[in-house]
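Please treat every number below as a calculation from the coordinates, not as lab data. Quick caveat, the model's predicted, so the values are computed rather than measured. Please note: Cβ atoms are built from the backbone with ideal geometry, for glycine as well, and neighbour counts cover all protein chains shown.
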Amino acid sequence: MIGQNNIETLVVLQPIAVDTASPDRDGMLVMANGLLVGVLVRLDTPEHESFGGWFMEAGLGRLAGLRIPAFDTLEDATRWLRRHLKP
Amino acid sequence: MQDALTRKLESFEELTNEDRGALNALTLKVRQVRARTDLIHEGDAPDTVHLILDGYACRYKVLADGQRQIMAYLVPGDFCDLNVFILDQMDHSIGTITACQAVDIPRQAIEAITADHPRVTRALWWCALVDEAVLREWLVNLGSRPANHRIAHLLCELLLRLEAVGRVTSNSYDFPFTQSDIADTMGLSNVHVNRTIRELRELGLVALKHRTVTILDVERLKAYCGFNPNYLHLRNTRWSNRRSVPWLSSGHGG
């Protein structure tokens, strides 16, 4: 069990354009240990409360259906994902 | 303040002079409540029935993880907890959105007046049944409509409910809800709420400025989300029909 806690989830982001039916279109595919787990999108519309932040547009698997607050930066998002997707 | 209560009930049921007299004899307390304040908490014993005279409030629950779900908006003329005054404890909280003026009607007063005044009882039932119908429609909204239709539907509903109590001017009404309020009501993220409102604006359906919403094209907004106001059972839409139901009108002379 101790060994398991030391295993880090490898989070890889890959740029992708996303259709959100809004001007927000710069996104990242989120891969955790090689599996697609979600899509992050940058909030580029000034009316957003978290303008400039990164929003989990879609979550798969353990992230499905979660209402996750937007992240200020991709680093914050990655840190959060590593913590929530521990093996 | 009795006047507001009487008017509210008379919009559902024709009351007699005796009914009105009994309502006028009630001693009611008017409370000024600040914005974002609970009128009653989940777990409390509901000793009084609250009637909102001014301002907006909501029914809500908070889950263990802190997530809030709003199950109803209460606008002027709405009873807050008529549906639970018979029960021992509140199964949800009621909190204000804006500063509110609320009337406290003691539970005993309701019990006494309903024992002697069947028309008042029926008017109260009517209120409770309409609340239930609204809740059913919200269930449909959350379960079966996409985000953009959900919010459009809410805007249509508020327009009609507020219009019925004289709070709409030129298709505009107070809209003090934050993006988080709407998100917690509609089961959406703040981001989706923001995008949806933007879409409704771009379609020329609504304008939102200084916490006031204006429905720019009521018929188009209704068509957009398939709004059918039947569940609100508003007086002007059902009054003539209801009066023609024979078994209802034959039962009493009032």
- Query: So, counting K/R as plus one and D/E as minus one, what does the shell of residues with Cβ under 15 Å around B:H41 add up to?
  - Reply: -3
- Item | Cα-centre dipole for region B:110-211 with unit charges at Cβ (Lys and Arg positive, Asp and Glu negative), debye to 20 | 360
- Computed over the protein assembly as shown, the Cα gyration tensor eigenvalues, each multiplied by 5 and square-rooted, give semi-axes in Å (largest first) of 45, 23, 17
- Item | Total charge dipole magnitude, region A:2-84, about the Cα centre, Cβ charges on Lys, Arg, Asp, Glu only, Debye to nearest 20 | 420
- In whole percents, the bins of 5 Å from zero upward hold the Cα-Cα pairs of chain A as 3, 15, 25, 25, 16, 9, 4, 2, 1, 0
- Can you tell me the Rg and Dmax of region B:71-156, counting just the alpha carbons, in angstroms? 15.3, 47
- Message: Between B:G204, B:G55, B:G77, where does the largest GNM mean-square fluctuation fall for chain B, given springs only between Cα atoms within less than 10 Å?
- Response: B:G204
- Item | B:L139-B:D91 pseudo-label distance in nm [points 7 Å out on the Cα-to-Cβ vector] | 1.1
- Item | Fluctuation leader among B:H149, B:H92, B:H210 - chain B, Gaussian network, Cα springs under 10 angstrom | B:H210
- Task: Sticking to Cα atoms, compute the Rg of region B:22-84 to one decimal and its Dmax as the biggest Cα-Cα distance, whole number, in Å.
- Result: 13.2, 46
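Give the value in nm², to one decimal: projected area of the alpha carbon convex hull of region B:1-129, averaged over all directions. Walk me through the intermediate numbers first.
Values: hull surface 29.4 nm².
Averaged projected hull area, Cα only: 7.4 nm².
Would you mind ranking A:H84, B:H153, B:H41 so that the residue whose beta carbon has the fewest other beta carbons within 10 Å leads the list?
B:H41, A:H84, B:H153
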- Query: Hey, what's the Kirkwood Rh for chain B if you take every pair of different alpha carbons, in angstrom?
  - Reply: 19.3
- Gaussian network model of chain B, Cα within-10 Å springs - most flexible of B:L26, B:L216, B:L63: B:L63
